[in-house]
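Each reported figure results from applying straightforward, stated rules to the coordinates on display, with no laboratory input. Everything quoted here is computed from the prediction, not taken from an experiment. Methodologically, a virtual Cβ is constructed for each residue, glycine included, from the backbone with ideal geometry; neighbour enumeration extends over all protein chains shown.
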């Protein structure tokens, strides 16, 4: 007798049976029960099936956080279809590349993203997202859950690499479930919990870590389209918010709010932060109010959880990303592929049922990312201490994080090279009080007759890249420092930046146009 790994094809159906009239999602003041979400899922699945969508097809969604995105996800899971949530902050050329690579059959477009969709050149069918507070029943025959196994791809999430070209990480039904199992065993999430989902749902942490885990547990989600510190306090005081996940900036916003001292935060049990080290003083402020402050480390390719630092070790292991989650192995290896001793730095590798099998239509990148035994190479540098706690040191890839968003310098450099006045360019991270890190571009001009200004370069990039990728600083230099082998020596550039060597002021169009942490306002499209 053979056993097939369980899947998520019947997720909405099972939860509707188990939780029925329990509230699953609150959005814009309107509550939606698990039964209503299933009814919407059946309607969406029937419509997709009637349009010829079948198992293995790719369906994309472009738009800010909204329950409709979750309905489309659940419908895709039911049909064995691969869901592709797109970053609505991207420029049309960036989206064109992703839509083409994924060979998307149908693109759902939220009204807020209509202008962006109009600028697409990819020949893909588009459908405007329709939403009514009261769900409509399916008009045609119900579509049964697809007969697939756990290895069936469920999500295709784009993540850039050092080449600057986005790669589509494929996550299976099993990947998603095991990631949630890992989180559930590291926390005491219950059906009575209420979580604030404010990070963009095209991100793995919000879509998988929060939404998928909460849905599997039967919890209540407050879906928000943007981060608002006062809304967060209101959710705690009036809606019994118990769990918040996000970046350090969000939790610093709450601490610095005049409402912090007087607000009743008794319902808020724990918060999760990732993406950057958390100051010990911030952790202490939350724990002083009996709020557990938890941290973790992961990537899109690991669904995302690799390690988790529970509140019990938040202070004695300050700066650590925690220990490996229950069903995932994490090691640190040297260049020869040998496991490093405690305290010795090396590349972080991971394997487990939550780790992707590879990248969409990119066997070369897949082969490069894995070593024998199924170990995925993260490209991050770290070390393990004597107790098995992981500490992140640096990134092999030059990626940095700005306002909770990953920025890949190679992609920005590639766009800069398209400017006729640029012959060479290198981008490194610069520390920034508001965004954590921002870009600092060092540019060699193509000649004295074509000297570009910082504002000209900024405007040039804004037409090609999302705003958060556009550097804050632009320095025109005679030449770029190089290693003996001729490669650009970015360590020297980072040193120059750390010493404040900005020959030009910040580009005026980008200093305040960065996206808000994890969930931008509508002004930051």
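Zone of residue 489 (label point 7 Å along Cα→Cβ, backbone N under 15 Å): which residues in the stretch 330-354?
Within reach of a label on residue 489, which here means backbone N under 15 Å from a point 7 Å along Cα→Cβ, the stretch 330-354 contributes nothing.
With a point put 7 Å past each Cα toward its Cβ, work out how far residue 444 is from residue 345 in nm, to one decimal.
Each label point is offset 7 Å from its Cα along the Cβ direction, giving 2.7 nm.
Using just the alpha carbons, could you tell me how many Å³ per residue the convex hull of the chain encloses? The partial results should precede the final answer.
On the way: hull volume 83.8 nm³, N = 525.
About 160 Å³ per residue, rounded to a whole number.
Counting other beta carbons within 10 Å of each Cβ, put 225, 303 in order, fewest first. Don't skip to the end; give the middle numbers.
Numbers: 225 20, 303 34.
The order, fewest Cβ neighbours first, is 225, 303.
Calculate how many DSSP beta bridges within the chain are antiparallel, expressed in % of all such bridges and rounded to the nearest 5. Could the numbers behind the result be given before it?
Details: 51 of 86 bridges.
Roughly 60 percent of the beta bridges in the chain run antiparallel, per DSSP.
Based on the Cα coordinates of the stretch 6-97, what is the per residue volume of their convex hull in Å³?
Details: hull volume 9.6 nm³, N = 92.
In the stretch 6-97, the Cα convex hull volume per residue is 105 Å³.
Please report the spacing between the Cα centers of the stretch 48-118 and the stretch 278-311 in Å, no decimals.
Taking the Cα centre of each part, the stretch 48-118 and the stretch 278-311 sit 31 Å apart.
Residue 255 to residue 234: extension gain in nm, 0.36 nm per residue of separation minus the Cα-Cα distance?
On the way: separation 21, 0.36 × 21 = 7.56 nm, distance 1.45 nm.
Length gained, residue 255 through residue 234: 6.1 nm.
Out of the DSSP beta bridges found with both residues in the stretch 8-148, what percent are antiparallel (nearest 5)? Let's see the in-between values first.
Values: 4 of 17 bridges.
Around 25 percent of the beta bridges assigned by DSSP in the stretch 8-148 are antiparallel ones.
Sort 366, 356, 242, 134 by Cβ crowding within 10 Å, fewest neighbours at the top. Spell out each step's value before the answer.
Working: 366 18, 356 25, 242 22, 134 8.
Taking fewest neighbouring Cβ atoms as first place, the list is 134, 366, 242, 356.
Scaled to the compact-protein estimate 2.2 N^0.38 Å, what is the alpha-carbon radius of gyration of the stretch 88-148, rounded to two decimal places?
Numbers: Rg = 14.9 Å, N = 61, 2.2 N^0.38 = 10.5 Å.
Compared with the compact-globule rule of thumb, the stretch 88-148 sits at 1.42.
Between residue 184 and residue 262, take the C-beta separation as r, use R0 = 25 Å, and let me know the FRET efficiency to the nearest 0.05. If you can, show how the numbers build up before the last one.
Details: r = 34 Å, r/R0 = 1.35.
Working from the Cβ atoms, E equals 0.15.
Between residue 482 and residue 288, what is the spin-label point distance in nm, taking each point 7 Å from the Cα along the Cα→C-beta axis?
5.4
Quick one: order 340, 76 by neighbouring beta-carbon count within 10 Å, fewest to most.
Numbers: 340 16, 76 27.
Lowest to highest Cβ neighbour count: 340, 76.
Estimate the FRET efficiency between residue 21 and residue 451 by the formula 1/(1 + (r/R0)^6), using the beta-carbon distance for r and 56 Å for R0, to the nearest 0.05. The partial results should precede the final answer.
Working: r = 66 Å, r/R0 = 1.18.
With a Förster radius of 56 Å, E is 0.25.
Test of understanding: extend the Cα→C-beta vector of residue 191 to 7 Å, then name every residue of the stretch 4-26 with backbone N under 19 Å from that spot.
10-26
Suppose only helical runs count, i.e. DSSP H with n ≥ 4. What mean residue ellipticity at 222 nm does that imply for the chain under -39500 (n - 2.57) per run, divided by all residues and rounded to the nearest 500 deg cm²/dmol? Please report the intermediate quantities before stating the final value.
Values: 14 runs with 136 residues, N = 525.
Theoretical 222 nm ellipticity from helices: -7500 deg cm²/dmol.
Averaging over all projection directions, find the projected area of the Cα convex hull of the stretch 277-417 and quote it in nm² with one decimal place. Before the final figure, lay out the partial values.
Values: hull surface 41.2 nm².
Reported value for the Cα convex hull: 10.3 nm².
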